Amino acid sequence: MQWLSLDSSEADAKAWLETQYKAQTFGLGYSYFYGPSENLTDARILTVGLNPGGDFVGDLAWDQSCFNAYLDQDWGNQSQGIQTQMRRMLAALGAPHGERVTSLQYVPFRSPSIEQLPNAEHAFAIADNLWDWVMHRSSPALIVAVGKSVGERIALRMGGLADETVPLGWGRQTGRRFELQNGADLVVLPHLSRYQIFGRAQSSGGIERLFGKHLKARV
């Protein structure tokens, strides 16, 4: 496989992803950026999920025409929980309309679960390469990983210099905060579709401790 150069243009990166998808027959399509990719270079906040869920064949979507899919798209009743949580989180971070926010999925390939992702080892290799390309083109002050496994992968790849684990007032659930080598903060949350911590009084103290200076409004 020919790797994507960090200096590649966006057009080349987009074409590279499509080539890798077709070569590996991942099967259910892909979705990478959850808004216009052009927002990346100016992003103050970067939110990252693990991979798009679903058991349907979707489009090959490099990015979305809406401003931010978590804010603007109608995902139906089944997905309202995570959209509500993301809206509340971004409002607390001073970006209620997605101002200077880029959202993406670390692994762009769709699957019903990460355990059911075909060619998973190769998929993660592609994702790692894409992530390095993304970070070469952007300098967010805050990265929010929605899901512990994707957060741990980012921390390892980017070199977490300091790590704090914070209880979230929901049983044994915790969040983690890393200081990264590039100066950004990484906040790792449990998956918000299951643990709806924003707008929950018992979790507010933990959220405030995790996000610290990045919070612009009460949670």
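The values are calculated or read from the model by the stated rules, or taken from the named source; none is laboratory data. Being a predicted model, the structure only gives us computed values, none of them experimental. Positions of Cβ are generated from backbone atoms using ideal geometry, with glycine treated the same way; all protein chains shown enter the neighbour counts. Surface areas here come from the heavy atoms of the whole protein model, side chains and all, with no ligands, DNA or RNA. Shrake-Rupley method; radii C 1.70, N 1.55, O 1.52, S 1.80 Å.
See the values below:
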quantity	calculated
Extreme residue, surrounded by the most Cβ atoms within 10 Å (Cβ to Cβ), among residues of region 64-90 that are part of a loop (DSSP other than H, G, I, E, B) and out of contact with any Leu (no Cβ under 9 Å at 6 or more places or on another chain)	Gln64
Qualifying strands (runs of 3 or more DSSP E) (wholly inside region 114-219; at least 2 residues being open to solvent by 20 Å² or more (accessible area, probe 1.4 Å))	160-167, 174-180
Residue list for region 100-142, filter: closer than 11 Å to Gly49 by Cα and touching a helix residue (DSSP H, G or I) at 6+ places or on another chain (Cβ under 8 Å)	Ser103, Leu104, Tyr106, Val107, Pro108
Test: Leu50 is of a type outside the set (Ser, Thr, Tyr), open to solvent by 30 Å² or more (accessible area, probe 1.4 Å) and more than 23 Å from Ala145 (Cβ to Cβ)	no
Of residues in region 136-167 being of a type in the set (D, E, K, R) and over 15 Å from the mean Cα position of the chain (by Cα), the one nearest to Ser204 (Cα to Cα)	Glu164
Unique residue being over 25 Å from Tyr195 (Cα atoms), modelled with pLDDT of 95 or more and not acidic (Asp, Glu) when the list is Ser9, Ser103	Ser9
Counted residues, region 100-113 - those being closer than 16 Å to Phe33 by Cβ and open to solvent by 40 Å² or more (accessible area, probe 1.4 Å)	1
Count - residues of region 1-32 that are of a type in the set (D, E, K, R) and open to solvent by less than 70 Å² (accessible area, probe 1.4 Å)	2
Single match in Leu46, Leu40 (criterion: among the hydrophobic types (A, V, I, L, M, F, W, C), assigned to a helix (DSSP H, G or I), within 15 Å of Asn68 (Cα to Cα) and within 13 Å of the chain's Cα centre (by Cα))	Leu40
Condition met for Asp132 (farther than 21 Å from Arg87 by Cβ, modelled with pLDDT under 95 and not aliphatic (A, V, I, L, M))	no
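So that you can scan it fast, the table gives a plain yes or no per residue for (1) closer than 26 Å to Gln85 by Cβ; (2) without any contact (Cβ under 8 Å) to a residue 24 or more places away in the chain:
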{"residue": "Val107", "(1), (2)": "yes, no"}
{"residue": "Gln116", "(1), (2)": "yes, yes"}
{"residue": "Asp128", "(1), (2)": "no, no"}
{"residue": "Ala145", "(1), (2)": "yes, no"}
{"residue": "Arg157", "(1), (2)": "yes, no"}
{"residue": "Arg177", "(1), (2)": "yes, no"}
{"residue": "Asp185", "(1), (2)": "yes, no"}
